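Below is one structure, written out as structure tokens; comments come after it.
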Amino acid sequence: MFASRPSAGLGQSMLMACLFLCLLWWVKLAESFLGLDLSNLAVVPLQLSGLLGIITAPLVHASYLHIFSNSLPVLVLGTLLFYGYPRSCKPALLLIWLMSGLGVWLFARQAAHVGVSGVVHGMFFYLLLSSILRRDKLSVALMMVGFFLYGGMLMTIFPREPQISFEYHFFGAVAGCVASVLFQHRDPKPEEKTYQWENEEDSQDPLIGDLWQQNPQHPYSDGSQTPHEHRDTENKY
């Protein structure tokens, strides 16, 4: 159990993640129905024209299959991030967004890199490293949910298929770890509830008293073994 702390609330956190996901879908649907060519919004390594993609590339997806594969992770990991880290989620996302794109522009293969998967990997690794650094129950619980669903992201930062930008995954993960280190103290740790009975000192039972402290070999205070030995001496005659 946790004491109350500043939080966006689960419903509001899910709403924020849904709004971001709706933005991604709006861009993809506009591209399809309006016949827009958004290829110039991609990150193209080491080209001046590709610098714009550092900001715009996460909003663009190559296909509907591409955006479908990113939709549920955006919703789930975004909700966990907004709920567990209400104060650091925005600067963390901004850092992940820009740093992952910059890493792709500097070091990735010559190709047009698009998609929000770099940001998604950044959110996952932010939750992962934050749970290790903070080690409070809430951060660990959130990470367990994220790891159970998307633990495979630990492997997708490495080269797999030629058409997948593993560079975006890798630099997103790096950015998520950097953001976790920088912002680990921005959100206060939830305090565990303490109950009154936990602070009360042990009291003696009024019936037993301190009898339990006596020597078990001498159940009577004067060392005698039976109550018959306490008869008055005048009854001997």
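The values are calculated or read from the model by the stated rules, or taken from the named source; none is laboratory data. The structure displayed is predicted, hence computed values, not measured ones. Backbone-built Cβ (ideal geometry, glycine too); neighbour counts: all protein chains shown. Accessible surface is based on the protein model in full, side chains and every heavy atom, while ligands, DNA and RNA are left aside. Shrake-Rupley method; radii C 1.70, N 1.55, O 1.52, S 1.80 Å.
Observations, loosely collected:
- Residue match in segment 8-15 (condition: on the phi > 0 side of the Ramachandran plot and either assigned to a strand (DSSP E or B) or within 28 Å of the chain's Cα centre (by Cα) (or both)): yes
Quick grid of which residues meet (1) farther than 27 Å from S180 by Cα; (2) part of a helix (DSSP H, G or I); (3) touching a strand residue (DSSP E or B) at 6+ places or on another chain (Cβ under 8 Å); (4) in contact (Cβ under 8 Å) with a residue 60 or more places away in the chain:
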position: L29; (1), (2), (3), (4): yes, yes, no, no
position: D37; (1), (2), (3), (4): yes, no, no, no
position: A62; (1), (2), (3), (4): yes, no, no, no
position: I67; (1), (2), (3), (4): no, yes, no, no
position: P86; (1), (2), (3), (4): no, no, no, yes
position: L94; (1), (2), (3), (4): no, yes, no, no
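- Check on P58, under 30 Å from K189 (Cα atoms), open to solvent by less than 30 Å² (accessible area, probe 1.4 Å) and part of a helix (DSSP H, G or I): no
- Flag for G101 being surrounded by 16 or more Cβ atoms within 10 Å (Cβ to Cβ), in contact with a strand residue (DSSP E or B) (Cβ under 8 Å, 6 or more places away or on another chain) and at pLDDT below 95: no
- Test for L211: is it farther than 30 Å from L94 by Cα, modelled with pLDDT of 55 or more and not polar (S, T, N, Q): yes
- The residue pairs whose first member lies in segment 41-52 and is open to solvent by less than 70 Å² (accessible area, probe 1.4 Å), whose second member is among the hydroxyl-bearing types (S, T, Y) and at pLDDT 95 or above, and whose beta carbons are closer than 9 Å, counting only pairs six or more residues apart or on different chains, are L41/T56; A42/T56; V43/T56; V43/Y168.
- Flag if A112 is open to solvent by 20 Å² or more (accessible area, probe 1.4 Å) and small (G, A, S): yes
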